[in-house]
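Derivation of every value follows stated rules applied to the coordinates shown; laboratory data play no part. Bear in mind the structure is a predicted one, so any value in this text is a computation, not a measurement. Cβ atoms come from the backbone with ideal geometry, glycine included; neighbour counts cover every protein chain shown.
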Amino acid sequence: MAKVPLHTSPFQLVLGRFITERASAIGIHSGRALGAVLGRSAGAVSQMLKGTLIPSGEAVLEIAEVLRLDANATEELLRSAVLSKIAMRGRDGFWLEAASLWERRAHRELREASTFLAERGLLGEFEIWRRRHASSSEIAADAPSAPSRRPHRALGGNGFAADLRDFENESNPAPMA
């Protein structure tokens, strides 16, 4: 028996909003058309919009690509899927909630670090430094349209925070003893 949500899921709300905003621009005017582009049935798309089916992470990234979402919108869609999974999957709820907590903490730290750098006029300089020091594989890992089995930075990876620490260490070298 399918789980029927007692309330609207975050994924259901976010997906519905993105479809409404982008459907005509990408030529998708029905659940059946979206399903065809995604290689899924109209029924599966209907279940997603009803909140009874939360797709896998890879499928969420495919949806984001079809809807031509930018990195921030893709992250919002992924985050909404995680929050919906937490509510629907009792046996995994503890681990999903823990991962969500870690992600929220990392996201807050990144916002605070970005604000700190921006207030001091260093955000642009940091971004230049970060790109100069990032390997091509790290840059590719930031692309939300490249599904992989390893954790994605949008899911709370510590890439930005680690880069910030490196930047601070290079900018303020420790005194020699």
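Extension gain LEU49-ARG108, at 0.36 nm per residue separation less the Cα-Cα distance, in nm?
On the way: separation 59, 0.36 × 59 = 21.24 nm, distance 2.93 nm.
Full extension of this stretch gives 18.3 nm more.
Show me the ranking of peptides 97-104, 8-15, 56-63, 22-29 by mean Cβ neighbours inside 10 Å, starting with the highest.
Details: 97-104: 14.2, 8-15: 20.2, 56-63: 18.2, 22-29: 12.4.
My ranking of the peptides, most packed first, is 8-15, 56-63, 97-104, 22-29.
Counting other beta carbons within 10 Å of each residue's own, what order do ARG17, ARG120 fall into, fewest first? If you can, show how the numbers build up before the last one.
Values: ARG17 14, ARG120 10.
Sorted ascending by nearby Cβ count, the order is ARG120, ARG17.
Quick one: length gained pulling ASN72 to THR8 fully straight, 0.36 nm per residue minus the C-alpha distance? Mind showing how you got there, number by number?
Numbers: separation 64, 0.36 × 64 = 23.04 nm, distance 2.21 nm.
That works out to 20.8 nm of additional length.
Pop a pseudo-label 7 angstrom from the Cα along the beta-carbon direction at both PHE116 and ALA36 and give the gap in nm to one decimal.
For PHE116 paired with ALA36, the spin-label model returns 5.2 nm.
Quick one: Cα centre-to-centre distance for the range 73-96 and the range 13-69, in angstrom?
Here the answer is 17 Å between Cα centres.
For LEU69, what is the net charge nearby, where nearby means another residue's Cβ is under 12 Å from its Cβ and Lys, Arg count +1, Asp, Glu -1? It would help to have the intermediate numbers written out before the result.
Working: positive: ARG17, ARG22, ARG68; negative: GLU21, GLU62, GLU65, ASP70, GLU75, GLU76.
Summing Lys/Arg as +1 and Asp/Glu as -1 gives -3.
Dividing the Cα radius of gyration by the Kirkwood radius, what Rg/Rh value follows for the range 24-115?
On the way: Rg = 15.2 Å, Rh = 14.7 Å.
Value, to two decimals: 1.04.
Let me check I've understood the local charge: for VAL37, count other residues with C-beta under 11 angstrom from its C-beta, Lys and Arg +1, Asp and Glu -1. What total comes out? Write out the running numbers ahead of the final one.
Working: positive: ARG32, ARG40; negative: GLU62, GLU65.
Taking every other residue near VAL37 into account, the sum is 0.
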